[in-house]
Amino acid sequence: MRRYLVVANQTLGGDRLRERIRAAMAQGPCQFHLVVPASHPPKGSWTDGEARALASRRLEAALASLRSLGAEVTGEVGDASPIRAIADALISEPALAEPYDEIILSTLPAGVSRWLHQDVVHRVERIFAVPCAHIVSEPDPAEVAP
């Protein structure tokens, strides 16, 4: 069974990520573990607690949505740094569990993505011994202000 570590925040409920997860499911049995870094939103003044609460709400909505597709999925809110959040998720894996086959990293488009400005995709590819698929997506439609 293939195992995927999915890392996303603002794009967690986006169509591109759902399409990627559906494609993985179509290839055979698989499991997904979502990590939502508790990053501070770009606008306004946020406390760490507020950022974690927002990440938790996004996580719960994504878990319900993906389970409705038939995905076997778990998740957690991670460190505000996506790199640290991934490292924590990889370290906390039970020793007897199968390793992740792929990290799916979902970011906003260039120009608006702080993760791309921080070179997160290339850093993940260099630091972790797990293949990384990068998806560029728009924010979750439910969160876009009219």
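Read-outs throughout are calculated quantities, based only on the coordinates presented, and are distinct from any laboratory measurement. For clarity, every value in this text was computed on a predicted model and none was experimentally measured. Note: ideal-geometry Cβ built from the backbone for every residue, glycine included; neighbour counts use all protein chains shown.
With R₀ fixed at 22 Å, the C-beta to C-beta distance from Glu138 to Thr74 puts the FRET efficiency at about 0.30. Largest first, the extents of the alpha carbon coordinates of the chain on the three principal axes equal 42, 32, 27 Å.
When Val112, Val121, Val136 are sorted by how many other C-beta atoms sit within 10 angstrom of their C-beta, beginning with the fewest, the order is Val112, Val136, Val121. Pairwise Cα distances in the range 1-69 exceed 18 Å in 40 percent of cases.
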